[in-house]
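Notes follow the structure.
The values are calculated or read from the model by the stated rules, or taken from the named source; none is laboratory data. Being a predicted model, the structure only gives us computed values, none of them experimental. In this analysis, Cβ positions are derived from the backbone assuming ideal geometry, glycine residues included, and neighbour counts consider all displayed protein chains. Side chains included, ligands, DNA and RNA excluded: accessible areas come from the protein's heavy atoms. Shrake-Rupley method; radii C 1.70, N 1.55, O 1.52, S 1.80 Å.
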Amino acid sequence: MSETPDTPAEAPLARTPLDALHRELGARMVPFAGYEMPVQYPAGILKEHLHTREQAGLFDVSHMGQLRLHGADAAAALETLVPGDLLGLAPNRMRYTQFLNDNGGILDDLMVTNLGDHLFVVVNAGCKHADLAHLQQRLGDRVRIDVQFDRALLALQGPAAVTVLSRFAPQVATMPFMSYGEACLRDIPVFVTRSGYTGEDGFEISVAADQAETVARLLLAEPEVAPIGLGARDSLRLEAGLCLYGHDIDETTTPIEAGLTWSISKRRRVEGGFPGFPILRGHLDQGPNRRRVGLRPDGRAPAREGTEITDEHGQIIGHITSGGFGPSVGAPVAMGYVTAAFAAPGTPVHLRVRGKALPARVVTLPFVKQTYYRG
Amino acid sequence: MSLIKFTKDHEWIRVEGDIGTVGITNHAQHALGDIVFVDLPEIGCEVTQGTDAAVVESVKAASEVYAPVDGEVTAVNDALTEEPARVNTDPLGEGWFFRLRLTNPAQLDQLLDHDAYQSYLEGLA
């Protein structure tokens, strides 16, 4: 039998501050975005996935890039690169947006938090160096960039996440989804956002590298918490209908095609002032030619990234960008782009898997109910 | 008395008379992780040594299962359709994939016996 080889490393792989802990826990380490990362622990992807939906999972996402943008003008400056409304972002609130190119294509997606006198930005691991160069080149002296790529980031996700984190920092219990707070876990200062990438309630915890392992061990010692690898992180976010950069969104897809219109405020849709605005405006006015949709194969066979989507007569109408088995759904799930005429939920399509046309339906995303805490 | 042989691609074949039962090894199921789908060949189809005969999918990825020898498929393990996890729990028993009637039994001599396969695995580590 064949096994998919891991991507060969081009440069020596970096390690996160939790590297030794992952190995101690028996993780299987794989190359990902220039880092050696845990793809799974001995429990395995299925159990890790289900544990996160039922209790709480701890993820090491320290490979992601953390930045601080200082300067009185930082929000206005960053708005020239993204379609998100940052001037309208209240203090201690967080927003999802995208760096766009002049065609309205997505260079990266990111989270921006307003910390009053500066912005806290989290970007994807695989894009962080390019993002930094982009910020430096395009914003120049308008902002002072404090690069914190060495800082650790942990995600505590699942219905028990709030119970667990509240034991150390009771004030987090009332934080609404997409908000920011500062806390001490025992005596370790951390920055907490109520956010994540699983569709579950939960937190992302930014901590100094040399204290990350202590925080991780504190959380893992709680009975509800298990360590979760990148494998389950991917199946959890797929079920939650969340985009993975480089797969579901990239430089060739616009936020409108990707179904991310909700992340662009009315003001910004009218005023523009970001790269690719004319193209996005056209997509908003006339509708895009293609849309990202959810797909549910009728049978048991998973359809993976790259699979052709056809109409019932075999005409190609798009491709799958993420697909696999959804452990909580208990069946295969996928997402991909289809010609706009086929984007309505319920539309029957075929997926070409190993030469066979497998029947599937277009469905509304997400595949599982999101359980964010709105306060 | 049955004979079991292994391939370097981590399939096994257990031969009784001119019928061989094929599956993937414990090493293979462990490397793949949780199996969520198995695509089996059709009964009656001819398979050729070293070419795709079945597909096994974990949460993360799909992998081909190669025919260890030439033959004609005589049975498939339909239980895997409902319970693909049998490949994880009992790879050399209830997790078998298909049976074939050997058309070139001499090919068995090219395969690894138990000890040779174990040495091969140790070499991979």
### Task
Mind listing just one residue for me: the one in segment A:306-329 that is in contact with a Ser or Thr (Cβ under 8 Å, 6 or more places away or on another chain) and within 17 Å of A:Thr253 (Cα to Cα) and, of those, farthest from the other protein chains (Cβ to nearest Cβ)?
A:Ile317
### Summary
Pairs returned, first residue in segment B:49-73 that is within 7 Å of chain A (Cβ to nearest Cβ), second residue that is surrounded by 20 or more Cβ atoms within 10 Å (Cβ to Cβ) and acidic (Asp, Glu), beta-carbon separation under 7 angstrom, 6 or more apart or interchain, are B:Val55/B:Asp39; B:Val59/B:Asp34; B:Val65/B:Glu11; B:Tyr66/B:Glu11
### Message
I'd like the full set of residues that are open to solvent by 10 Å² or more (accessible area, probe 1.4 Å) and in contact with a helix residue (DSSP H, G or I) (Cβ under 9 Å, 6 or more places away or on another chain), limited to segment A:207-222.
### Response
A:Glu213, A:Arg217, A:Leu218, A:Leu220, A:Glu222
### Query
Which condition breaks for A:Gly306 when tested against (1) in contact (Cβ under 8 Å) with a residue 12 or more places away in the chain; (2) over 22 Å from the mean Cα position of the chain (by Cα); (3) on the phi > 0 side of the Ramachandran plot?
(2)
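Hey, among the residues in segment A:287-305 that are within 14 Å of chain B (Cβ to nearest Cβ) and open to solvent by less than 50 Å² (accessible area, probe 1.4 Å), which one's nearest to A:Arg352 (Cα to Cα)? Can you show your working first?
Our first condition is that a residue be within 14 Å of chain B (Cβ to nearest Cβ); within segment A:287-305, this holds for A:297-305.
After this cut, where a residue has to be open to solvent by less than 50 Å² (accessible area, probe 1.4 Å) as well, the list is A:297, A:299, A:301-304.
Working: A:Pro297: 11, A:Gly299: 13, A:Ala301: 11, A:Pro302: 11, A:Ala303: 8, A:Arg304: 10 Å.
Among them, the one singled out is A:Ala303.
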### Flag for A:Leu69 being of a type outside the set (D, E, K, R), surrounded by 21 or more Cβ atoms within 10 Å (Cβ to Cβ), under 16 Å from A:Arg151 (Cβ atoms) and not assigned by TED's automatic domain parsing to the domain that holds A:Thr371
yes
### Query
Being under 21 Å from the mean Cα position of the chain (by Cα), buried (at least 19 other Cβ atoms within 10 Å of the Cβ) and within 19 Å of A:Arg151 (Cβ to Cβ), is that true of even one residue in segment A:75-92?
no
### Task
Could you grab me the full set of residues in segment B:35-93 that are part of a loop (DSSP other than H, G, I, E, B), under 18 Å from A:Gly299 (Cβ atoms) and open to solvent by 30 Å² or more (accessible area, probe 1.4 Å)?
B:Leu40, B:Glu42, B:Asp78, B:Glu83, B:Ala85
### Message
Please list, ordered by residue number, the helices (runs of 4 or more DSSP H) wholly in segment A:209-291 having 3 or more residues that are more than 19 Å from A:Asn101 (Cα to Cα) and either over 14 Å from the mean Cα position of the chain (by Cα) or among the hydrophobic types (A, V, I, L, M, F, W, C) (or both).
### Response
A:209-220, A:230-239
### Query
Is it the case that some residue within segment A:111-129 is under 15 Å from A:Thr80 (Cα atoms), part of a loop (DSSP other than H, G, I, E, B) and touching a helix residue (DSSP H, G or I) at 6+ places or on another chain (Cβ under 8 Å)?
no
### Options A:Pro176, A:Pro189; residue that is surrounded by fewer than 22 Cβ atoms within 10 Å (Cβ to Cβ) and not in a strand (DSSP E or B)
A:Pro176
### Task
Please find, within segment A:44-66, the residue that is farthest from A:Glu239 (Cα to Cα) out of those that are within 14 Å of chain B (Cβ to nearest Cβ) and surrounded by fewer than 19 Cβ atoms within 10 Å (Cβ to Cβ).
A:Lys47
## Note on the structure
Taking segment B:94-115 and keeping residues small (Gly, Ala, Ser) and open to solvent by 40 Å² or more (accessible area, probe 1.4 Å) leaves B:Ala106
### Query
List, please: which pairs have Cβ atoms under 6 Å, are six or more places apart or on different chains, and start with a residue in segment A:218-232 that is farther than 19 Å from A:Thr16 by Cα and end with one that is assigned to a helix (DSSP H, G or I) and not β-branched (Val, Ile, Thr)?
A:Val225/A:Leu219
### Flag for A:Leu25 being out of contact with any helix residue (DSSP H, G or I) (no Cβ under 6 Å at 6 or more places or on another chain), open to solvent by 20 Å² or more (accessible area, probe 1.4 Å) and within 14 Å of another protein chain (Cβ to nearest Cβ)
no
### Task
Give the residues of segment A:49-99 that are more than 25 Å from A:Leu244 (Cβ to Cβ) and in a loop (DSSP other than H, G, I, E, B), sorted by residue number.
A:Gly71, A:Ala72, A:Asp73, A:Thr80, A:Leu87, A:Gly88, A:Ala90, A:Pro91, A:Asn92
